[in-house]
Each structure stands twice: as structure tokens, then as C-alpha cells.
Amino acid sequence: AQTVTQSQPEMSVQEAETVTLSCTYDTSESNYYLFWYKQPPSRQMILVIRQEAYKQQNATENRFSVNFQKAAKSFSLKISDSQLGDTAMYFCAFMKRQGGSEKLVFGKGTKLTVNP
Amino acid sequence: EAGVAQSPRYKIIEKRQSVAFWCNPISGHATLYWYQQILGQGPKLLIQFQNNGVVDDSQLPKDRFSAERLKGVDSTLKIQPAKLEDSAVYLCASRDRGKNTEAFFGQGTRLTVV
């Protein structure tokens, strides 16, 4: 079974600075997707960034980028120029790419606070 | 494009009562997930549908939880009877199998069992 581990329950960062959230996962699969989702106090999960395991290039989305280390099964999220609106829970998630039964598994989350 | 709709947003019930949650996924999305998110934890998958068929319900407490997806569109999740430990946010998500791999989430239903 796939598992996702987020070892940082809480983190804080000053506005405009950079922060990195850690995620490791365990799988025997070679073909899969990894995601970072943001969950603000409104509760709605929003996709931040995704990475396809077969792509070596790290994904980037504006201020968000990942460091994907497939051999180490590590998938960290870097937020540059942090903004107050980035304050939220961040969840790392894994999905095996297989037919129509893709199961999306989440870590326990990291609570990020951006301080003014 | 309309998002995933869930209702109600909040529900308070007494233990041993029953409750039902409703989810309307994004039109055309074949895959539908129900997650349970206990305060301070990550979402735990309860059940996954592909159209109107169940593909994974391994973590669904079947003695008290049930779910159905009528005609492969709307879905309901029911708890009967509820226990105190069922207090959580219940999230519904849908995904278009053929297009991309992103799952879209509703705003969830916060259930409090007293």
C-alpha cells in the first residue's frame, strides 16, 4: 500500500521569504503522480502543483516549485515570495496511474503560517 | 465550469441518529471520491466510484456507513447510526478520468456528533 509522510506538522515563514515543505512517500510503483494541495480555512482543497513520476524535470507554477527526487521518494514544495494568502494546510498526495482505479492518498498535512 | 457541490455545509446530530450527505460532481467526471477528514489529520479515502460502480471501499465502515452513486452522477453518503468518532469533515471530490489527473474538491460537510 502506498503511504505519504509529511514530517512537519507546522511551519511558519515571514512574508516575502521562502519556505520548503517536506514530503516522502512509499511505493513499489514506477508510474504515478504526486500532488500538493492547499486547504485554507474555508476547507476547499485546491491543487497547487502536480508532478508526473516519469518526468525528470521539476514542476513549477509561478511562486510554487517542487524538488522531486524519485530514487529517494521525496517530493518537497518550495514557496517563494510567501504571501499572507498562502497561510493554509498543505497536503502532499500520491496517485497511482493505473486504469480507472486511481486511488488518491494524502499525507497528514503541514500547517503553514505566513507572518506579516 | 461549475465545481463540486456538497450539502449540507454543517450538520449536528446526536449519537445513534442517522445522517446523509449529498455530492454533485463536476459534469462528466467519471470518478468520485468520498473522504473523511478528522480535525488535524489528512483526508482518508472512504469510497471511490467509477461511474456508478464501486472500485474501492476498503476503508468504509460498512456496518454503519453506506454510499451510492445514482446513474453515475450524484452521490450520497449515509451514516447510521452515528458515533461520536464520526465527527469530521466529509469531502467529496471528482475527477475526469480521460482528461487529466487533477481531483476537484467540494467545500465539505462538517459533521458534529454530540
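A short reminder: the numbers here are calculations on the coordinates, not readings from a lab. Remember, it's a predicted structure, so these values are computed and weren't measured experimentally. When we count neighbours, we look across all protein chains shown, and the Cβ atoms used for this are built from the backbone with ideal geometry, even at glycine.
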Open item on the list: Taking the Cα centroid of region B:1-48 and of region B:62-77, what is the distance between the two, rounded to the nearest whole Å?
Closed with: 10
Task: Where labels lie 7 Å past Cα in the beta-carbon direction, separation of A:Q83 and A:Q57 in nm - done: 2.5
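For A:54-60, what's the mean count of beta carbons from other chains sitting within 10 Å of each residue's beta carbon? Please report the intermediate quantities before stating the final value.
On the way: counts 0, 0, 0, 0, 0, 0, 0.
Going residue by residue through A:54-60 and averaging, the value is 0.
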Open item on the list: Through the Karplus equation 6.51 cos²θ - 1.76 cosθ + 1.60, θ set to phi - 60°, convert the phi angles of region B:85-97 into ³J(HN,Hα) values in whole Hz; use x for Gly and Pro.
Closed with: 6, 7, 4, 4, 9, 9, 9, 10, 9, 9, 8, 8, 4
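Tell me, in nm to one decimal, what length is gained between B:S18 and B:R64 on full extension, where the rule is 0.36 nm per residue of separation less the Cα-Cα distance? Could the numbers behind the result be given before it?
On the way: separation 46, 0.36 × 46 = 16.56 nm, distance 0.93 nm.
Separation in residues times 0.36 nm, less the Cα-Cα distance, equals 15.6 nm.
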Open item on the list: Per residue of region B:42-56, what does 6.51 cos²θ - 1.76 cosθ + 1.60 with θ = phi - 60° give for ³J(HN,Hα)? Whole Hz please, x for Gly and Pro, Karplus curve as stated.
Closed with: x, x, 10, 5, 9, 7, 10, 10, 10, 6, 9, x, 7, 10, 7
TODO: Taking the Cα atoms of region A:12-116, report the difference between the largest and smallest coordinate on each principal axis, in whole Å and largest first.
DONE: 44, 27, 20
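Under the definition of partner shielding as Cβ atoms of other protein chains within 10 Å of a residue Cβ, what is the mean value for peptide B:101-108? Please report the intermediate quantities before stating the final value.
Details: counts 10, 6, 8, 4, 7, 3, 4, 5.
Partner Cβ neighbours, averaged per residue: 6.
Counting alpha carbon pairs within less than 8 Å and at least 6 residues apart, what relative contact order, in whole percent, applies to chain B? Working shown, then result.
Values: 287 pairs, mean separation 41.9, N = 114.
Relative contact order of chain B: 37 percent.
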TODO: Take the cross-link list A:K73/B:K62; A:K73/B:K83; A:K70/B:K62; A:K55/A:K78; A:K96/B:K71 and give me the ones stretching past 28 Å between alpha-carbons.
DONE: A:K73/B:K62; A:K73/B:K83; A:K70/B:K62
- [ ] Mind checking which aspartates and glutamates have their Cα closer than 14 Å to the Cα of B:K15? Skip sequence neighbours fewer than 8 apart in that chain.
- [x] B:E85, B:D86
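Enter the per residue convex hull volume of chain B, computed from alpha-carbon coordinates, in Å³ rounded to the nearest integer. All intermediate terms of the calculation are to be shown ahead of the outcome.
Values: hull volume 10.8 nm³, N = 114.
Value for chain B: 95 Å³ per residue.
Provide a whole-number value for the mean count of partner chain Cβ atoms within 10 Å of the Cβ atoms in peptide A:82-95.
On the way: counts 0, 0, 0, 0, 0, 0, 0, 3, 0, 3, 1, 3, 0, 4.
The shielding value for this peptide is 1.
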Task: Relative contact order of chain A, defined on C-alpha pairs under 8 angstrom at six or more residues apart (%) - done: 37
Open item on the list: Given 20 °C and 1.002 mPa s, compute D for the protein assembly as shown with the Stokes-Einstein relation, Rh being the Kirkwood radius over Cα pairs; round to the nearest whole µm²/s.
Closed with: 118
